[in-house]
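The values are calculated or read from the model by the stated rules, or taken from the named source; none is laboratory data. All of these numbers come straight from a predicted model, not from anything done at the bench. Cβ atoms come from the backbone with ideal geometry, glycine included; neighbour counts cover every protein chain shown.
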Ligand code: GLP
């Protein structure tokens, strides 16, 4: 993995965003793996601004998001679909027919997992995958566990994740389950970009970069990926 430390989240957003823009400039029907959370926002700002300047068109791009809450309507203000619509899709010229999400309300999680894997494969596989990292080292919603996962699955979220994400929920309690892409689905992306900013990520970043590959820090698997770039700010890099 290539580790790059920068001064500000905006600089990182420009660097990570330009990797996505270049991917689409080189391949107009590129397949983008996208993430939610506060971390990707500067990257999405950069992509939206590049599109507004006419430097790139996302018209033929397909997107696959990493995860979605269960037991929450897709139209709810806290769904990851709404988050992506507000923070990226409404700001670029993507064709919403090419936007793919796991259905957190699918009655059969295993069938839903097979559907998503087949759609990713039919699109030609993910060309570039964005990742944030949870405070406990989770990527997407792959929580620390005894083994690495493969395809998408339904996960019971940990207390740490529920505590970190419940600040966004004010009208309904935060769901305790989500559908998430598995580690195998993430590792099959041709290129991976992980961004971590802020002190609260420093311990997870240390375990990811300095520790062994261990499913108790799911992000540590990225060391085995042939093309993975990690962008950190000084706070996130402070325990390296
Ligand atoms: C959630 C998402 C992850 C994200 C993480 C960190 O749990 N499922 O994909 O990386 O939060 O979020 P933030 O960037 O807000 O710290």
Working only within segment 33-70, note down all residues that are more than 11 Å from the ligand (Cβ to nearest atom), in a loop (DSSP other than H, G, I, E, B) and under 18 Å from residue 142 (Cα atoms). 70
How many residues does segment 59-75 contain that are farther than 14 Å from residue 130 by Cβ and touching a strand residue (DSSP E or B) at 6+ places or on another chain (Cβ under 8 Å)? 6
Could you please let me know if residue 200 is out of contact with any strand residue (DSSP E or B) (no Cβ under 8 Å at 6 or more places or on another chain), under 27 Å from residue 70 (Cβ atoms) and touching a residue at least 40 places away in the same chain (Cβ under 8 Å)? yes
Please specify each residue of segment 153-186 satisfying the condition of being out of contact with any helix residue (DSSP H, G or I) (no Cβ under 6 Å at 6 or more places or on another chain), buried (at least 19 other Cβ atoms within 10 Å of the Cβ) and not in a strand (DSSP E or B). 157, 161, 165, 175, 181, 182, 185, 186
What tally of residues in segment 105-139 results from selecting those that are within 16 Å of the ligand (Cβ to nearest atom) and on the phi < 0 side of the Ramachandran plot? 13
Checking the condition in contact with a strand residue (DSSP E or B) (Cβ under 9 Å, 6 or more places away or on another chain), within 30 Å of residue 237 (Cα to Cα) and at pLDDT 95 or above, which residue from 35, 48 passes? 35
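Looking for something touching a residue at least 40 places away in the same chain (Cβ under 8 Å) and within 11 Å of the ligand (Cβ to nearest atom) - is there at least one such residue anywhere in segment 143-159?
Initial filter on segment 143-159 (touching a residue at least 40 places away in the same chain (Cβ under 8 Å)): 143-148, 152-154.
From the residues that got through so far, the ones that are within 11 Å of the ligand (Cβ to nearest atom) too are 143.
Yes, the conditions are met somewhere in segment 143-159.
If you check residue 13 against the conditions, is it surrounded by 21 or more Cβ atoms within 10 Å (Cβ to Cβ) and within 15 Å of the ligand (Cβ to nearest atom)?
Yes; evaluated as a whole, the condition is true for this residue.
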Report whether or not residue 74 is farther than 27 Å from residue 163 by Cα and surrounded by fewer than 18 Cβ atoms within 10 Å (Cβ to Cβ). no
Can you tell me how many residues within segment 180-195 are under 15 Å from residue 116 (Cα atoms) and within 11 Å of the ligand (Cβ to nearest atom)? 3
